[in-house]
Structure formats: structure tokens, C-alpha cells
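To start, the structure under review is shown below, and the notes come after it.
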Amino acid sequence: MADLLSSRNLRRWLPWALIVLVALVLPVVLPPFRLNLLGRFLSLGIVALGVDLIWGYTGMLSLGQGIFFALGGYALAMYLQLNELKPGELPEFFSLYGVKSLPAFWQPFNSPLFTLVAIWVIPAVVAGLLGYLVFRNRIKGVYFSILTQAALLVFFNFFNGQQKLINGTNGLKTSTARIFGELIGSDAMQRNLFWLTVVITVAAFLLCRWLTHGRFGDALIAIRDDEPRLRFTGYNPTAYKTVVFAVAGALAGISGALYTVQSGIVSPQYMAVPFSIEMVIWVAVGGRGTLIGALLGAVLINYAKSLVSEALPETWLFIQGGLFLLVVLVLPDGLVGWWRQGGPGRLIAMVGWPPRTATYPALDLDPQVVAEQDQLERSGGGQG
Amino acid sequence: MNLLELQGVTVSFDGFLALNDLNLQLAPGELRAVIGPNGAGKTTFLDVITGKVKPTRGDVVFRGRSIVGRSEHHISRLGIGRKFQTPRVYQNLSPRRNLELAVRGPHGPAALLFGSLSSEQRDRVQHLLSVVGLERQAQQPAGGLSHGQKQWLEIAMLVAQDPELLLVDEPVAGLTDEETARTADLLKQLAGDHTVLVIEHDMEFIRDLQAPVTVLHEGHVLCEGSMDQVQNDPRVIEVYLGSETQEDAA
Amino acid sequence: MDLLYDTLFNGLAIGSVLVLAALGLAVVFGLMGVINMAHGELMMLGAYTTFVVQNIFKAVLPEALFPIYILVALPLAFVVSGLAGLLLEKTVIRRLYGRPLETLLATWGVSLILQQFVRSVSSAFAIGLVVAVVAGILVPRFTPKVWWQQRWTPLLGTGSWIVTGLVGVVIASVLGEQRVFDQPWFSARNIDVTAPVWLRGSIDVGVVNMPAARLFIIALTVVALLLVNWFLQKSVWGMRIRAVTQNRTMSDCLGIPTEKVDALTFLIGSGLAGVAGVAVTLLGSVGPNLGGNYIVDCFMVVVLGGVGKLAGTVLAALGIGILSYVVGSGSLLLVWPAMPEGLNAVITFFATTSMAKVLVFALIVVFLQIRPAGLFPQKGRMVEA
């Protein structure tokens, strides 16, 4: 038992225990409304993972992830609007604008298979294309950030303005649509969607882990730290950045689709400027450059937001603004970074207790000893 | 045939001529030292070869083909490696990972994602770590290394790349005498199999290399020859010490 | 042809506001490499200053003086926004030097706070805020000195700010019980500024009918540009600013007080935002979200115009402003009725304000494919050192 609690083992079984807890226990314990909220926040965690990939690891601050998020949401919502319509019938809102026949780009969304692919491929392609055009001209840093923001505004304007194509400002409702004969907004359906979200979140996490733990991940970090240097070593950063931006776009699309069906609507509001910047702050608060931090940040901040907005709506912007300042000025590595750098120990030391060490402090702190221990752990893990 | 040839290369920044009609030939396997006072255009000279700066006029020919207009990574893949003036290693990666990124092999995203290092590449990394004496620090972030260690790590990265032509910008700045001597040995060892071009201010070091010397001045080749010849050339003395000496001499 | 001139004139007026708005942003970006996301909110402060000045003139001063309120509002808006910017520079941006992306996020946080502040501020709120800040600053002075040299001092510091903050909240909510104090000063609604009579009419020049307000904005922009240009080119501090923009380290070594230069530049850039805010009130009603409507356009100006050259900023701003207006207002169709069918369809598709932005952005991306560094790129070894 004592062995189970050692920090090494804790790190191995704790995540799985948490997943089981979230997937099996919470649906029983939480009321449907809260469970649905948690499901939404978890899906936002997926877009945060993408933000972490491009910002935390690769150093590109995108303020336009809302584009890809909304594209994924729209793709799924369009399918749901068409699903279980009688032949020749059109989604209701079209009649408001006197549209008589389905616009051509809606046609493929009759197919569930196409939709499942489109949810992540369309955002990935849009992101890849936009990214390629920007990266190949070596536009980076704040220039990249404000270009992504401008792109976001453009998509926002476009979707807002096109009533006849996509119902403009009103967006597309999904809660009243049906799938497998069941209403999407029903409690049972929402519980299934929650489980689906948990599974996809874990899968997205593992994907990001695979991407970042290896030479590919090293190359991303190298781009973040010294991109020109990497060029002179024979790497083409444009290719890497395009790939990782497309992956982040795909993740955002999946996230948007899951979020849409759990909140019941997709609208151009998903492409509002503030929402996309919020995504960055989730990652920043959780801890950029750490995947778990991105997930944690997304869930925590959104939970806090829903609590505050229920109680004192007008204070949320103050709190959020304060969070931006706090995390940038005081906690640049976020909560997870603070934890890993011994933040809690320092905090305790401030009130009097010296940090506890298992052996000789000098040994615990010696980077070489730590590295060796790490290596042993890894080789042990490989065999087991 | 020459491995590298610069033909009348001129680089102009808003009218300022950083390089002015520069001509230079490097034979395969040669070890060459380039010196010149500050502002002679030494760094721009490397920038032109590695594709960072496009020449305003003139041509750069590598293995018989012009490389003007190609991007940096392309030129690097053709076999031109570069070490920077101030050591540039990836601070947040360990020396081992630094070397694993640099080691010769395919460098595309797919290769890095789906492929793994061959045992040969692994051995190479391990070997280089021991050559530069960083085995003990192989797992720590490279940001924590001393200046000398970073210099050596960067040289190791350059060697790991295994380029045909090595461009080495001030490799011994900030190194101890012993380290400097070892660096000279290493570069001499590399020459022969590789072609090496060294830019350095440290004259003792250049003498140690026993290599032909090219003197740059105001973006132009002032003279070429052995260290002794160059040191006694009145034009070189003039640009290094100013015209006063000339008056004294005269 | 009248219509063409009219369209161009209105486009020029819109573009002028953008010049004013982007000018400060571009100067600051050129000098410090930071993008100030709260720039739009500094404009908003300028607009609200105009509103307050107008109300004071209406309520307190004799009616005869009302026409000149806008001339009073201009310098005052400059000062208010400038000081707000200075505070921002001293408290936040200075600490983030060399980390432009973090600066961007932090200033976004500030912009959120400013927006909500304008919506929420009431007498009770203001009193609570002042009490909290003053108390927070005074706590170290009225507590034993030794407390501030302990291991736990950081906790004490944080704690004291939390406590004084809570005290402020309590005071505000107690005062908020009184109607007089609870009344929000501006609320979330839009505010309207009444232009003085001399700015309401229009002037006919030849065939073109020029609304006086827009003419005033254009004149204001020209004056501001001339002043900024004179300041940067001729004054001692302007020379220092240019020196630091070109090479910060070298300027530092030559004894130029770079910190003061940064602060001064930020003050001027922010002040210009305030002036732009005054101009915006003449175009229509304004609200707490004012900043958001302009900020992205301003960023595009910076991207397109490059840094370090006023001409780049002016050209880019006028280009974006005029093009957006001409396309968005749909006047092209009226000016050139005999347009070919296909082109007509395209222009009609983009003939709304928001769709015009789509077109302009697409054009900017295409332009950047040809000239990635903007209209006037910098050259030399310093680039991407």
C-alpha cells in the first residue's frame, strides 16, 4: 500500500483512477445539468490541448482558434439539421429567407460518414492553408497573433452576414434535432455524449502526448526557442508549423462539434474575438507546455466562470482580466508549472516549515541524481 | 574542381556595401581561416553562403551548382553546416536531444514522427557526447551549461550533422587555452574528410591551425596566404592598426 | 462624378480616424515591439472624456461657451488616455519587456477590466475602489517594518491587498444601497455626444458636399500627423525615440534614458488614442465596446504599414479605411452602373460593412505573399538578429 502511494507509482495509476472516476462515478452523482456543464468543459479542454501544442510547445500564439472550433461545430450541426428530414424538406430557417433549394455546400452533409470526417478535416485544411500562407513568409510572433485574430473576425463577419447560407447571427440549433430517433437535448442522450467526450478527450490527450514526447516534440520546442537555428540544421520549420497548426485546428474542430451538441447550438458567437483569447488563458492558467495543464485550466476556468456568472455576472470580466494579469506577471508557468517547480513547498516554507526531503536535501536537488532516477524509472517502465 | 566558389558577391543594405565584389574559392578537404577587422563583412559572408542573405550581385556555387536563392534548410541539406558566433543551442532541450535533432538523417515532420533513430545515429550521438565531455550533463537542459560547454555542444551538433562544408564562426571565443588547443585539434582532424572554414579573431589559434588565411576588409578579399605572409603584408597591417603605422613605417 | 467624390471623401474621413487610431499603436509597436490590446479601450476613454466634458459644459458653463467644448475635450482626452497608458506602462508592460506575446495577453486583460469598469462604475464603485487602492498602498506604512522583511512577507503583501480589496467591495455595496451612489455613471448603454453647431452643417466645395464633422476629423488628423512628425524629427526626445527604435542597446550605452523614452512614447501613443476617441464621437454614438470595433483594423494597419515609418502607417490606414468604406457602402455599384455582370455580382456580395472586411483581409493576406514585411520593410543585419 505504501508502495502504491510513492510518487512514482502515484503518477502511473492516478490519471487512470481519475478517468474512471469522471466517466463512471460522476454521471451517477451529478445532476444532469452539472454533468452537461462538465462535458462541455471537457470538450473545451480539447481545443485547449491544441492551443498548448501551438503556443506552449511551438511558441505561436494563435488568437483565432475559434474559427476551427466553430467550423467543427457547424459541420456537425449541418448534418443534424438535415438528419431525419423527409426527402425534399429543408431545414426550417431556410423558409424565413425564401430559400427554396438546399445550397450546394450543404449536400455532402447528408452523409454521416462525410460529416464525421469533415468535423476535423475541414478545420485542419483551413488551418493548414492559412498557416502555410503565413508561415512560408516567416511571419511570426505578434504579427502571427494579430493576423489570426483578423482571420477570426473575417470568419465571424462572414458567418454573421450570410443568413441565406447558414442562418447568420441565429446560428444552427442542435438540441431539437434527433439522432437514432432520440432527441439530442434529452438527458439520456446528453449522458452518452458525456461519455463520448471523456473518451475523445483521453484520446486527444494521448495524441498530443505522442506528438510532444519524441523528436517531433523536440523539434517543436526548438522552433519555439530558436527557429532560425533549426533552419541551418536542415529543418524546414514551415512544414512543422503547418502540420502542428493543422493538428490544433483538427482538435479545435472536434472540440467544437462536441461542445455544440452539448450546448445545443452553434452560432457565430463561437468566433467572437474574446472567446478565442479566453482559450489561451485556460492554457496559461493551467500551465503552458504541459498537456495536463491545458486540460486542467480549461475545466477549472470554465467552472469558475459558470459559478461567478450565476452569482455576480458583472464581476466576471474583472476577474478574467485580473487572471490575465496575474498569470502573466506572477505565474508565467501556470498552476502545473508552479507545482512542478516546488511552488507548494515554497509556500509552506514561507509560513515556517522547511521543505521535506526524503533523503539528503543535496541529493534530492542534484540534477544529476534526479536525471539518473528518471532514467531508471523509464527503463523500469519500459520493461513492465 | 572547387567545392565552394563565391563569384563577385556583393551585398548592399540600403546602399551600404557589406560585401563588395567578393571572390573566394575553397578546394575539397581544405582547412581555411578567415580573419578581418570588425565590420569587414565576415558574418554577412557566412549569411550569404548559408542562404540567410541574398547577394545583390554575384553568385555562390557549391559543388558546381548555384545555391543563390535557395532557403537555409535546403542549403543545409546540400551539405553546408554552420556554427554561430554566440553559441546557439536549444536551451530547454538536453545536450543529447540537441544532438539527436542535429544528427544526419531525414529531417521532415513525418520522419521525426514515425521513424526512430537508427542504432548508428544513436552511437554517433553517444560518441559525440563523450568527445565533447558532456556525458554527465547529457540529460539536463542545455541552458544550464557553461559558456565553454555550449560552444562545444554546438561544435558537436555541427559534426553530428556531418556536412561536407563546415562554417565555423569564432569557435574559441570564451574558451580556456586548453579548450582552444583541443578545438584546434578537432578542426584539423575534421579537415581532409570535410572542408572547414573558420572565422576567428584569436591569432594564436589561427597559427595553431596551420591553414591558409584569407583577410577580409570592407567586404572584399584583401589578401590570401600563409599566416606569416599575411602578418607581414603591409596592407593587412594597415587595416588592423590604422594608417598611423603606415606613416611610421614610411 | 459627384457620387465618386462623395464616396472618396467619406472614405477619407473614415480612413483618417483609422490613421489617428493606428498612429499611436504603430509608434509604440515600432519602439517596444509590443502590441497593446488595450489601445482600443484607451480610445474609448477618450470618447468618454468627450462625453463628460460635453455634459459639464451643458450643465455648468454658460451656453455661449458650448461650441468650444470639443476644443477643450481634445487636450483633455489626450491627457486622460495618456496618463492611463502611462500607468499601464509603469505597472504592467515594463515588467514584461522582451516578452511580446505575454504583453499582448496582459494588455488584453487590462482591456477587459477597462470595458467592464466603464459599464459598472458608479459613485459607490468609485469610492470603494479609491478606498481599497489607498488602503492597500498605505498598509505597509502603518504596520511594523519588521513584518515586511520576513519569510512570509509575500503572503502578507497578497493578504493585505485581498483584505483591502474586500473592504472596498463592502464599502461599495453598503454605499450602493443609496440610490444616489448606486446610479452608474455611464452604464452599458451607448452614449451620444452632441456635436456643436459649427460641426453639424456641411460645406460645399465645388460639386462635393462635405459634412463639417468629417472635414474636422480630416483636419484633426493632418494636424496630429504634422505634430507627431515634427516631434519625432525635430525635437530632442523625438530623436531619442528614433534612436531607441533603431537600436535599443546602443542607445542605452550612449546614455539615452531608454526607460523614460519608453514611458514617454507610451504616453504619446496612448494620448493619440484618446484624440482618436474624440474623433469617433463625431461619427456616431459610442459604447464600452468601441475599442473592439477599431482594434483589429489598427492591427492590420501595423502589419501592412510596417514599423518605423509614419508614411507606412498613413498609407496603410488610408488604404484600408477607404477600401473598406468604398466596398462596404456599395457605392461602387452606383458610381459605375455599367459594370460587367460577374464583377457586379462579386461587388454586391461584399457590399456590407462586415463583408468588406472579409475582402480587405483577403487582399492583405495576398499582399503579404508578395511583400511579407509590409509596405516599407526594414533592411540590414539587425533584422531577425
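The values are calculated or read from the model by the stated rules, or taken from the named source; none is laboratory data. Here the structure is a predicted model, which means the values were calculated and not measured. Using ideal geometry, Cβ is built from the backbone for each residue, glycine included, and neighbour counts are taken over all protein chains shown.
What to note about this one:
- Cβ-Cβ distances below 6 Å connect the following pairs, each with a first residue in the range C:176-201 that is farther than 20 Å from C:Y48 by Cβ, a second residue that is in a helix (DSSP H, G or I), and a separation of six or more residues or different chains: C:G176/C:A124; C:G176/C:D182; C:W198/C:P67; C:G201/C:A212.
- The number of residues in the range A:223-242 that are free of Cβ contacts under 8 Å to residues at least 12 places away in the same chain and not basic (K, R) comes to 8.
- Number of the exception - A:T169 against (1) hydroxyl-bearing (S, T, Y); (2) in contact (Cβ under 8 Å) with a residue 60 or more places away in the chain; (3) surrounded by 15 or more Cβ atoms within 10 Å (Cβ to Cβ): (3)
- When the range A:127-150 is filtered for residues that are of a type in the set (A, V, I, L, M) and either within 7 Å of chain C (Cβ to nearest Cβ) or buried (at least 24 other Cβ atoms within 10 Å of the Cβ) (or both), the ones remaining, listed by number, are A:A127, A:L133, A:V134, A:I139, A:V142, A:I146, A:L147, A:A150.
- Residues that are of a type in the set (F, W, Y) and either assigned to a helix (DSSP H, G or I) or in contact with a strand residue (DSSP E or B) (Cβ under 9 Å, 6 or more places away or on another chain) (or both) within the range A:71-120 comprise A:Y74, A:Y79, A:F93, A:F94, A:F105, A:W106, A:F109, A:F114, A:W120, listed in sequence order.
- With respect to the conditions (1) more than 14 Å from every other protein chain (Cβ to nearest Cβ); (2) surrounded by fewer than 21 Cβ atoms within 10 Å (Cβ to Cβ); (3) touching a Ser or Thr at 6+ places or on another chain (Cβ under 6 Å), C:V72 falls short on a single one, namely (3).
- A single member of A:S379, A:S276 is modelled with pLDDT of 85 or more, of a type in the set (G, A, S) and either under 30 Å from A:G168 (Cα atoms) or in a helix (DSSP H, G or I) (or both), and it is A:S276.
- Qualifying residue in the range B:92-101 (condition: within 30 Å of A:D333 (Cβ to Cβ), under 21 Å from the mean Cα position of the chain (by Cα) and facing chain A (nearest Cβ under 8 Å)): yes
- Residue list for the range C:206-229, filter: in contact with a Leu (Cβ under 9 Å, 6 or more places away or on another chain) and more than 18 Å from C:I14 (Cβ to Cβ): C:V228, C:N229
- A:R209 vs. criteria within 11 Å of another protein chain (Cβ to nearest Cβ) and either at pLDDT 90 or above or buried (at least 19 other Cβ atoms within 10 Å of the Cβ) (or both): no
- Positions within the range A:151-166 being touching a Pro at 6+ places or on another chain (Cβ under 9 Å), surrounded by 17 or more Cβ atoms within 10 Å (Cβ to Cβ) and either more than 7 Å from every other protein chain (Cβ to nearest Cβ) or closer than 20 Å to A:A239 by Cβ (or both), in sequence order: A:F155, A:F156, A:F159, A:I166
- The range C:277-291, subset of a type in the set (A, V, I, L, M, F, W, C) and under 13 Å from the mean Cα position of the chain (by Cα), residue farthest from C:A77 (Cα to Cα): C:L290
- Residue within the range C:11-34 that is crowded, with 20+ Cβ neighbours inside 10 Å, touching a strand residue (DSSP E or B) at 6+ places or on another chain (Cβ under 8 Å) and more than 28 Å from C:L323 (Cβ to Cβ) present: no
- Filtered residues of the range C:307-319 (kept if touching a helix residue (DSSP H, G or I) at 6+ places or on another chain (Cβ under 7 Å) and surrounded by fewer than 22 Cβ atoms within 10 Å (Cβ to Cβ)): C:V307, C:G308, C:L310, C:G312, C:L315, C:L318
- Looking only at residues of the range B:20-36 that are more than 19 Å from B:V168 (Cβ to Cβ) and not acidic (D, E), we find that the one that is nearest to the other protein chains (Cβ to nearest Cβ) is B:N20.
- Filtered residues of the range A:213-246 (kept if polar (S, T, N, Q), crowded, with 21+ Cβ neighbours inside 10 Å and more than 7 Å from every other protein chain (Cβ to nearest Cβ)): A:T242
- Some residue of the range C:219-238 being among the β-branched types (V, I, T) and over 30 Å from C:V261 (Cβ atoms): no
- Taken together, C:K145, C:K90 contain a single residue that is away from every other protein chain (no Cβ under 11 Å), among the basic types (K, R) and in contact (Cβ under 8 Å) with a residue 40 or more places away in the chain, which is C:K90.
- Verdict on C:L101 being within 13 Å of another protein chain (Cβ to nearest Cβ) and closer than 22 Å to A:G321 by Cβ: yes
A quick yes/no check of all residues on (1) farther than 29 Å from C:F266 by Cα; (2) exposed (fewer than 14 other Cβ atoms within 10 Å of the Cβ):
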position	(1), (2)
C:V170	yes, yes
C:E177	yes, yes
C:P184	yes, no
C:N190	no, yes
C:V205	yes, yes
C:I218	no, no
C:W230	no, yes
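Condition check ((1) modelled with pLDDT of 85 or more; (2) part of a helix (DSSP H, G or I); (3) of a type outside the set (K, R); (4) more than 30 Å from C:A213 (Cα to Cα)) across all residues:
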{"residue": "C:W237", "(1), (2), (3), (4)": "yes, yes, yes, yes"}
{"residue": "C:I256", "(1), (2), (3), (4)": "yes, no, yes, yes"}
{"residue": "C:K260", "(1), (2), (3), (4)": "yes, yes, no, yes"}
{"residue": "C:S270", "(1), (2), (3), (4)": "yes, yes, yes, no"}
{"residue": "C:A279", "(1), (2), (3), (4)": "yes, yes, yes, no"}
